[in-house]
Structure formats: C-alpha cells, structure tokens
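J.: Mind having a look at this structure? Questions to follow.
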Amino acid sequence: MLSHAEAKRRVELLKKQIEEYRYNYHVLNKSIMSESAADSLKHELTKLEEAFPDLLTPDSPSQRVSGEVLAGFKSVRHIERMLSINDIFSNDELYKWFSRLKKLQPTVQEEFFVDLKMDGLAASLIYQDGVFSQAVTRGDGFIGEDVTENVRTIQTIPLKLNDIGVNPALLKGRTEIRGEVILYKKDLEEINKQRQKKGLNLYANPRNLAAGTLRQLDPKITATRPLKFRAYDIVSEHTDLLPTNQEVYRLLDKLGFVINKQGQFVSGLENVVKIVSEFEKIKEALEFNIDGVVIKINDRRVFSKLGIVGKAPRAVAAYKYSAEESTTVVLDIIISIGRTGTANPVAVFRPTSIAGTTVQHATLHNYDEIKKKDIRIGDTVIIYKAGEIIPQVKEVLFKLRPNDSKPFDMDKALKDQYPDIEFIRKTGEAAYRMKKIKGSLILKKNLIHYASKAALDINTLGEKNIDLLVNQKLIHDIADIYSLTKEDLVNLDRFGEISADKLIEAINQSKNPLLDRFIYGLGIRHVGSKTASDLARHFQSFDKLAVAGFEELEEIDGVGQIVAESIASWFLSEDNLMLIEKLKKLGVNPHYETIEQTPISGLSFVVSGTLSSFSREGALDAIRSRGGIVSSSVGRETNYLIVGEKPGQNKLDAAKKYGTKILNEEEFLGLLG
C-alpha cells in the first residue's frame, strides 16, 4: 500500500498523463496510446482517489467527461448534462457496484438492461415536434459542438420521427435522442484501401475516423464517409412514458432509429455475468468495435433516485473487457536462465489484467532491449499480449517515472542473483551466456536429474544412455524422451530389443508422476526435494504453481525471497514454458495425492548414513508418503535426525546444537508404524 505522500505524487503524475492523452485523443483526434492503456491509468487514478479521498480534486480527470469544443463550431449548452459511465473490470467489481446501490436504495431489484458498449462518439439529436432540428456532441458534458449539418448526412438518422405505435405526446415539443456515431470495420478497411492507393497515411481505427469525420467543417466531406448512428436513450419531459430502459429501446425502434438488437432485459446478477461472457464471444464478429457492456438499472425512477457521483450516474456501469494492453509498474527486474545457459531479463510487475489473465511478469528479451526502451525499476509501462505466451513491454511512460530511478545494470544483476556463475557476452551477440558450459552439457545434466530416483525415477535412463541419446541428437530437451520409439533405439549401440522395450516402458510409466517429484525433477535453481514438497502441498496443481506471483511464492514457509525469485524467473523463460507445453502434449500429467493425517504429518526429517531396511530414497519416500517433510541438512526446525551406519558428523553436531531428536533405524521404523 502506498503512503499518503507516494499516493499524492502518483495521482499528480497520473492526472498529467491522462490529460495529455485526453487532449490528443478527444480534441486533436490523435492517439498517443491505446484506449485500453488509458483506461488502465484512469482506473488506477480512481482507485487511488477512493483510497485517499482528500486527493480527489475538481480538476481530476475522474470528475469530467472528456472533450472540448473545437474552434469553428458553435457551442451549445445541454439542457440535461451528458454524463459518462464508470468502468468496472471484473465480476467482483460488478457485485460490489450493485452492493453499493443496495445500501443506498435497499428496494433496488436485480433487474437490469444490458447492451453493447459501442466504441464511437456520443451525440445528442434534438427533435422539435418530431422533426430533426439540431445535433450536438457530448463535449465536456455541459457544452458540446453543434454538428447539425454534418449529422444530416448520416443516412441512419431519421429527419422526422415515426409516429406509428408511439404516444403522440412524445412527438410534441422537444425530444432528445442520445446515441453513438460509429463507423463499421469494413468501411474503415475500404477507406484505407483507397488511401493506400493514393499513398496517403492510413487511419488507425474506426472511432478516431468517426470523430474526425463528424468534426469536419465541410459537411461534404462528412457525406463521403458512411457514418452510422445507433440510439440508446431518450430525454423527454414525459418521463411517465419512459418507465424502464427496456421501454426506451422499444420506443427508439418504433421512432425509426437503429438500436443494438443485443440490448436486453436481464434479471439477476448471475445472468448479467453470463451475458457479459456471451457478448465477449461475439465481439469480433460484430460490424463495429465494442470495448465492453453497459449495465443499467432497468427502472428509470430508481435510476434517477440513485443520483450522480462526479461525472457518472450511480445506476449504470460499463463492464470493460480484458484489454490487450494495460499499464502497470515495474517492481523489479530479475534474471532467468534458459535451458541453453542464456541469461534472460524478466520484469516483475504490480499485478494487472490483460486478455482475461492476471499478469505479473514479462520477458524483456535481452539487455539491449532494456537499454533501447530505457526500462527501469519503478517505471510505469504499457504492456500487451498479442498472441504471445509471455506478455511484452510496449513502452515506458516517462512522465510517470520516479525521480530516484536508475538505469538497469545487467552485470551487477547477474552477480547479485548468480554470484557462483560466470557469464560472458560474445561480440555481436545480444545474450549473456554461462561461461564454459555448452548447451548439450546442460541438457545432459538436466536429464540425469529428471530421471534420478529422487525425481521421476526412470531407472533405465542412466548417464551413459543419456550421453548416447543426446550425442545422437535424438533428444534436444527433457520432453523429447517421451517421443522416443523402439525403432529409434534398436539401431544404437548398447540397445537391443529387450533393453529398448524396458526403456520405453520405464519412460511411459513416468508420465503420471507425483507433483512434488515432477517439480523437483525440473531442476529449478534452489528448489530441492523439500521445497518441491512444500510447493506441491501449497498449490496441489502444477498449473497453479506456474502462474503464481512472486509475493505468493515468497510467503510460503521455507521459500523466501531468493527461492521465490528463482521459481518465478524459471516460469518466465520462454524455453521453459515451451518445454512445459510440450510435456503436456506428450501426455505428462503430474498429480497431487492428498495425504491422510499421520503421527508424523508436518514433522521435518533428515536422514544420514546407510539404513538396512531402506535405500536412502526409500526412507525419504516413506516419510513423504506419511506427510512428513524431508530436508538435506539439520536446522532449527528439524524435528528428527535418522541415523544409520556411518552418519555424517556435521549433521550429528548440528542435531546436538539445535536439540534435534536423533533416532536409530529401529526407532525410525517404530515411528513409521
């Protein structure tokens, strides 16, 4: 949680950045960042103002409707203010929104009108005695621009309201129709094709072009572009004729306007959640862009009673879909070692949501990329996820950079995180690599570890067989062992029909390993069998471990900062993510077995010396299977040291120092039952 002073500075920086975006986007019709990234900044500002109410000021972007009147257009004051809509980004925020309404109006029902949130330009059409007389943009919510002549060119707008099936009172006096001016995706494509032929710059998106077209000072230019208008509200003194938002849509249709056919009455928040999900599935197939769903309290009298906060009515919310871009803060930059020995820098973020998933990390590729983008710890960055496994940093928002930021030093970071490993960077190469270690040697070591008794226990995949298979280029990563066939093996030295069958069978039997053994077998730096057991017990699912954030990892008993960084960085290596995906496709499915409570559940053991009843690994398995915790060294938290023949003196000394109970083999068997 930020301190008050930190929050105050952050709020001021956010205001400046958002205001710059707003001016460029809404006034100059120029985009300096994606709308989803801007939404992310606005959301952060709103949350900070909620947490620190004294930082909320009248000039805050959260308190205004975006837009200014352009020179050249007549200014028009709205009779009824054109408000904006507060955003929500999750089901949890949706339920909290309605909970707040319930506190204010205990009688409010879970009855909503739900529609697509169109990505266009809001406008108000004024009809006098049923005849179109004026069109005004939203502007700042109080004053808009008179764009009457331009709007007359939009073919979907009736110049006279239909009167069939409509109460005549609605057609007398002043009636205001509010809606969105949009451009279809296909029309933008066609316009850009023509511009490309002429060697002109292409338009970035339908919304910007629609806004720029509506603000053309020459209506003839507007007429050449196929703008559309879709209505969503009626403002009239005859409020008794407009009891619900559902009825408003019915009347809009009768009056001759195009409405979204997806707009519908929905009862119950759980059904709203379903509709939000359904709309997201069809959004790419729609003729126009949307960025979410508008959710309104259906009863307009209750809607009105709930009032307004700042720039938005309480009784409506815009559920924004997961953005392909978002903003966040770089909390740290750590180094991940790939399977070939390359050192890959990875950014650790304040958690944010992109494309429906919570993102806490992104690859920074290499040191040159960090220097090129000038990414520093503490920076606010725009991140995106365009079909990639790992999110990417698009750019740094330098105006939000803290004063104490320093350029990232790759050499220092490597020494701090891997003090026992020497790295080199060859001339002309972008990557730092582990010195004097070839990729094939690392692969062989990884395979030996993966197949060891403490890991997946593939007893016929010994060191000599691994050497042979790697040297013959039959194996390029751990997952390749599951692609081996008998035909691959029988023609090699050391293999015959029987030995080939045995190896294939042993490999296949390892496809459903215990979760802790699989985690240990991956060879994640600093993750021994005890830590692997702790991780398995905490997450009980490999997929959950794979997406765990640094903070959650660090809080697990026995993990700590260094181990957490190592685990997090392992799962951020593109090589490792591809390896996991490959293992899944080849049928490797680690599982967690719930262990019933036993007298030794949760107790910590160290085994030293040779036992007659067990192999060393058998003893450790016996402990693990009963819920005990095994470790390689005696510490303050070790409950028992099991000693066989010729135990290690250092472990005996440590047990005496810490008061650890020492058991011989017979006592150990008795404890196991």
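The values are calculated or read from the model by the stated rules, or taken from the named source; none is laboratory data. In this text, all values refer to a predicted model and were calculated from it rather than measured experimentally. Note that each Cβ is placed from the backbone with ideal geometry, even for glycine, and that neighbours are counted across all protein chains shown.
J.: Is it true that Ile177 is of a type in the set (A, V, I, L, M), assigned to a loop (DSSP other than H, G, I, E, B) and within 30 Å of Phe265 (Cβ to Cβ)?
T.: No, not satisfied.
J.: What's the number of the condition Ala318 fails, among (1) under 16 Å from the mean Cα position of the chain (by Cα); (2) at pLDDT 90 or above?
T.: So the condition that Ala318 fails would be (1).
J.: Can you run down the residue pairs with Cβ atoms below 8 Å, 6 or more apart or on separate chains, where the first is in the range 391-418 and over 19 Å from Thr327 (Cβ atoms) and the partner is surrounded by fewer than 18 Cβ atoms within 10 Å (Cβ to Cβ) and at pLDDT below 90?
T.: Final answer for the pair search is Leu414/Ile421.
J.: OK, next. Failed condition for Lys311, given (1) in contact with a helix residue (DSSP H, G or I) (Cβ under 7 Å, 6 or more places away or on another chain); (2) at pLDDT 90 or above, with all others met?
T.: Lys311 satisfies every listed condition except (2).
J.: Could you tell me which numbered condition Thr594 fails, if it satisfies all but one of (1) farther than 24 Å from Gln649 by Cβ; (2) in a loop (DSSP other than H, G, I, E, B); (3) modelled with pLDDT of 80 or more?
T.: (3)
J.: Could I ask something else about it? Out of all the residues in the range 638-654, is one or more more than 30 Å from Ala362 (Cα to Cα), in contact (Cβ under 8 Å) with a residue 40 or more places away in the chain and exposed (fewer than 13 other Cβ atoms within 10 Å of the Cβ)?
T.: No: zero hits.
J.: For the range 518-530, give me the residue count where each residue is farther than 16 Å from Lys544 by Cα and either basic (Lys, Arg) or touching a Pro at 6+ places or on another chain (Cβ under 9 Å) (or both).
T.: Of the residues in the range 518-530, 3 are farther than 16 Å from Lys544 by Cα and either basic (Lys, Arg) or touching a Pro at 6+ places or on another chain (Cβ under 9 Å) (or both).
J.: Right, here's the next one. How many residues, within the range 259-309, are aromatic (Phe, Trp, Tyr) and under 25 Å from the mean Cα position of the chain (by Cα)?
T.: 2
J.: Okay, moving on. Can you list the helices (runs of 4 or more DSSP H) lying wholly within the range 522-563 that have 2 or more residues being more than 16 Å from Ser631 (Cα to Cα) and at pLDDT below 85?
T.: The qualifying helices (runs of 4 or more DSSP H) are 550-555.
J.: Looking at the range 616-669, which of its residues are in a strand (DSSP E or B) and of a type outside the set (D, E, K, R)?
T.: Step one: of the range 616-669, the residues in a strand (DSSP E or B) are 629-630, 640-643, 645, 661-663.
Answer for the range 616-669, where residues must be in a strand (DSSP E or B) and of a type outside the set (D, E, K, R): Ile629, Val630, Tyr640, Leu641, Ile642, Val643, Ile662, Leu663.
J.: Taking the stated definitions as given, is Val302 modelled with pLDDT of 85 or more and over 30 Å from Glu429 (Cβ atoms)?
T.: Judged against the criteria, Val302 is a match.
J.: List every residue pair whose Cβ atoms lie under 9 Å apart, where the two residues are 6 or more positions apart in sequence or sit on different chains, the first residue falls within the range 284-306 and is in contact (Cβ under 8 Å) with a residue 24 or more places away in the chain and closer than 16 Å to Asn271 by Cα, and the second residue, located anywhere, is in a loop (DSSP other than H, G, I, E, B) and among the basic types (Lys, Arg).
T.: Ile297/Arg314
J.: So the check is Cβ under 8 Å with 6+ separation or different chains; which pairs have a first residue in the range 148-175 that's in the same structural domain as Leu252 (by TED's automatic domain parsing) and a second one that's acidic (Asp, Glu)?
T.: From residues that are in the same structural domain as Leu252 (by TED's automatic domain parsing), the pairs are Leu171/Asp129; Leu171/Asp163; Lys172/Asp129; Gly173/Asp129; Gly173/Glu237; Arg174/Glu237.
J.: For the range 128-158, which positions are surrounded by 19 or more Cβ atoms within 10 Å (Cβ to Cβ), of a type in the set (A, V, I, L, M, F, W, C) and closer than 19 Å to Phe73 by Cα?
T.: Ala135, Val136, Val147, Val151, Ile154
J.: Answer yes or no: is there a residue in the range 103-112 that is assigned to a strand (DSSP E or B), buried (at least 18 other Cβ atoms within 10 Å of the Cβ) and modelled with pLDDT of 90 or more. Spell out how you get there, then give the answer.
T.: As a first pass, look at the range 103-112 and keep what is assigned to a strand (DSSP E or B): 111-112.
Still in the running and buried (at least 18 other Cβ atoms within 10 Å of the Cβ): 112.
Filter once more, keeping what is modelled with pLDDT of 90 or more: 112.
Scanning the range 103-112, I find at least one residue that is assigned to a strand (DSSP E or B), buried (at least 18 other Cβ atoms within 10 Å of the Cβ) and modelled with pLDDT of 90 or more, so the answer is yes.
J.: Same structure, new question: For Lys453, are the conditions met, namely being among the charged types (D, E, K, R), at pLDDT 90 or above and surrounded by fewer than 18 Cβ atoms within 10 Å (Cβ to Cβ)?
T.: Criteria not met by Lys453.
J.: Continuing with the same structure: Among the residues in the range 472-484, are any part of a helix (DSSP H, G or I) and more than 20 Å from Lys582 (Cα to Cα)?
T.: From the range 472-484, those part of a helix (DSSP H, G or I) are 478-483; that's our starting set.
Narrowing further to those that are more than 20 Å from Lys582 (Cα to Cα): none.
No, because not a single residue in the range 472-484 is part of a helix (DSSP H, G or I) and more than 20 Å from Lys582 (Cα to Cα).
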